[in-house]
Amino acid sequence: MNTKKAILLSLASWGLMAFSFPPFPLGPGALVFLAPWFYVLKTANKKTALLSSYLGAFLFNAVSIYWLYHVGDVAPPALIFSGLFLAVTYLSLFPLLCAWIFVKIKEVRFGKFSPTCLFPFFWAGIEVLRAKGDMSFPWLSLGLVFGNSLEFIQSFALFGVFGVSAIIIASNMCLATPKKKIRLFVPFILAIILYVGGHNVITHEENISDTIEDALTVAIVQPSVPQTKKWSREYYDSIMEQTWNLFKTIEPDTVALILFAETAIPDFIDLRFQEQKFLENYAVKNKAAIVIGVLSRTWDNKKENKRNKKYSIYNSAFLFGYGYPPPEYRKIHLVPFSEKMPFDNIFPVINYVDLGGGNFSPGDSLYIWQPGNFSPLICYEAIYGSILREAKRKGAKFIANITNDGWFYKSIAPYQHFNLVRAHAVENGIGVVRAANTGISAFIAANGKIIEKTELFEQKIIVNSIPLETRSTPYYFIGDYIEQILFIFSLTMMVVVIFFRKYLK
């Protein structure tokens, strides 16, 4: 196969994959879209296969995370565009690594067995790897393409997002130069099984839903504060007036919990005593707990580097109505570069580097708050299934996820973020109440059903009930073990290929 043809096929494959993730409608097509790419991997020479793979992956990531450039409106544009290019370059290395492994093992045989049969598990393990550590970014796992279909996403409860990624890879491999014609029908058969299986699960749950009586009434406040004004001292009063005016439309004594967005008060809580007293008095008077995002800090004379100025900063949520001072939850999993410099605990000199992001410290514990036994999670950390599993094991009946997402304007990013949270809710069988500054705010049932949601940039309050019944899913019980096995398998496969590569030519 010539290089030009290989590049065109790879670009076509990965370009279509980029339009398979919500909000785009091509999700089920992911079962076949990568077949041309696998055809390239199987038939092209090594250099051509790797070059075309990297270019295809670069296109895929550029289309999928282009929205990072929006941060340029609140940070130096040159820095943001450089960061966007580096992010796309970095993320494209993972498909390149997978392509290299595939090319190295495609001619290997152990009798009639080919190691390429194990490649879907290797891919899933690489997705697990990408979700670990200070540089983790599980944003684009292939399994997430099914997010537009309630029926398809029921498969997450059994296989998890990473397992569904493996199914997608296996489906596409069957189409690439199939030796048996029956393989051509594999994607169609898989689509039917996943859809019909999901439909039957939903139908069964609807038939028994009348027995579920325990639910909590929650109000979500979505003020839609523009990100360009959110952190400006000049606009603080008008921002808070916009938020409070919307908040005051809630009918007293009608809700048990009121949820505001991440950093709904854009300041340190110790500087906003008046706001604290207002929220506490309202919560006590109306018997409605309030969760709101606001920054906090603790002074530490031992810290003397240039950036943190002798105090630790936390992206926090506070619970009003259950004692004063209010209980605090500190965000555990921080966004790399935006909230925390990766590896700064290993290389302290990094703390002196200022790339325009925050310099937050992580929290160290998940909490179960009342009413209703819920666990608060802030923004990015709700996209990690392992964190939702831990919260559920601690006794959470639902997740209260507060986020901003105003950074990304009317792009595809808020839809991708929402899709991720919903997917991991289905994995672990736990409902989510999500408050986003600019949307998408929503009530999500434990099976992924969207009870109610807002649109982007609506100024709106939605009031609904979240069931306090969790759902028993196989992946909740075995997900940690599956991900550990996939991770170890991928590392082992890489080690074998690297150290025995001279035998794999």
For the stretch 270-285, state whether one or more residues are surrounded by 15 or more Cβ atoms within 10 Å (Cβ to Cβ), in the same structural domain as A442 (by TED's automatic domain parsing) and touching a residue at least 60 places away in the same chain (Cβ under 8 Å).
no
Among residues belonging to the stretch 409-423 that are under 20 Å from G293 (Cβ atoms) and under 15 Å from the mean Cα position of the chain (by Cα), point out the one that is surrounded by the most Cβ atoms within 10 Å (Cβ to Cβ).
F418
So for the stretch 100-119 (the condition being under 20 Å from F21 (Cβ atoms) and touching a helix residue (DSSP H, G or I) at 6+ places or on another chain (Cβ under 9 Å)), does at least one residue qualify?
no
Being surrounded by fewer than 19 Cβ atoms within 10 Å (Cβ to Cβ) and among the aliphatic types (A, V, I, L, M) is the filter here, so list the residues in the stretch 135-151 that pass it.
M135
Matching residues, the stretch 382-421, being closer than 23 Å to Y367 by Cα, part of a helix (DSSP H, G or I) and of a type in the set (A, V, I, L, M)
A382, I383, I387, L388, A391, L420, V421
Please determine, by comparing only the residues of the stretch 116-134 that are within 18 Å of V40 (Cα to Cα) and either touching a residue at least 60 places away in the same chain (Cβ under 8 Å) or touching a Cys at 6+ places or on another chain (Cβ under 9 Å) (or both), which one is surrounded by the fewest Cβ atoms within 10 Å (Cβ to Cβ).
F119
Residue count, the stretch 460-484, condition in contact with a strand residue (DSSP E or B) (Cβ under 7 Å, 6 or more places away or on another chain) and of a type outside the set (K, R), comes to 8
If you go through the stretch 450-458 one residue at a time, do you hit one that is more than 22 Å from the chain's Cα centre (by Cα) and either within 30 Å of K410 (Cβ to Cβ) or of a type in the set (S, T, N, Q) (or both)?
yes
Mind checking whether some residue in the stretch 69-79 is surrounded by fewer than 17 Cβ atoms within 10 Å (Cβ to Cβ), among the charged types (D, E, K, R) and closer than 24 Å to G406 by Cα?
yes
If we keep only residues of the stretch 89-104 that are hydrophobic (A, V, I, L, M, F, W, C) and farther than 14 Å from M173 by Cα, then the residue surrounded by the most Cβ atoms within 10 Å (Cβ to Cβ) is I101
Just to be sure before I move on: is S171 in contact with a Gly (Cβ under 8 Å, 6 or more places away or on another chain), surrounded by 22 or more Cβ atoms within 10 Å (Cβ to Cβ) and in a helix (DSSP H, G or I) in the structure I sent?
no
Could you please tell me which pairs satisfy a Cβ distance under 7 Å, a separation of 6+ or placement on different chains, a first residue in the stretch 218-241 that is within 30 Å of P467 (Cα to Cα), and a second residue that is surrounded by 13 or more Cβ atoms within 10 Å (Cβ to Cβ) and modelled with pLDDT under 90?
Q222/G439; V225/G406
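Which of the residues spanning the stretch 229-270 are assigned to a strand (DSSP E or B), closer than 17 Å to L319 by Cβ and not β-branched (V, I, T)?
If the condition is that a residue be assigned to a strand (DSSP E or B), closer than 17 Å to L319 by Cβ and not β-branched (V, I, T), then L257, L259 are the ones that fit.
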Evaluate the following for P467: is it surrounded by 15 or more Cβ atoms within 10 Å (Cβ to Cβ), within 24 Å of L150 (Cα to Cα), of a type outside the set (A, V, I, L, M, F, W, C) and in contact with a Leu (Cβ under 9 Å, 6 or more places away or on another chain)?
yes
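With respect to G356, determine if the residue is modelled with pLDDT under 95, small (G, A, S) and touching an Asp or Glu at 6+ places or on another chain (Cβ under 9 Å). Outline the logic, then answer.
Details: modelled with pLDDT under 95: yes; small (G, A, S): yes; touching an Asp or Glu at 6+ places or on another chain (Cβ under 9 Å): no.
Here the answer is no, as G356 does not meet what is asked.
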Please enumerate the residues belonging to the stretch 174-208 that are surrounded by 15 or more Cβ atoms within 10 Å (Cβ to Cβ) and in contact with a Pro (Cβ under 9 Å, 6 or more places away or on another chain).
C174, L175, A176, V186, P187, A191, L194, Y195
Go through S20, S10, S64 for me and flag whichever is touching a Ser or Thr at 6+ places or on another chain (Cβ under 7 Å), buried (at least 20 other Cβ atoms within 10 Å of the Cβ) and small (G, A, S).
S10
Among F489, F398, F443, F477, the single one that is within 24 Å of L295 (Cα to Cα) and either modelled with pLDDT of 95 or more or crowded, with 24+ Cβ neighbours inside 10 Å (or both) is F398
What are the residue pairs meeting all of these: first residue in the stretch 370-395, first residue under 18 Å from K132 (Cα atoms), second residue outside any loop (DSSP other than H, G, I, E, B) and among the aromatic types (F, W, Y), Cβ atoms under 7 Å, and 6 or more apart or on different chains?
R389/Y476
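The values are calculated or read from the model by the stated rules, or taken from the named source; none is laboratory data. Since the model is a prediction, treat every value here as computed from it, not as a measurement. Because the Cβ atoms are built from the backbone with ideal geometry, glycine has one as well, and the counts that use them run over all protein chains shown.
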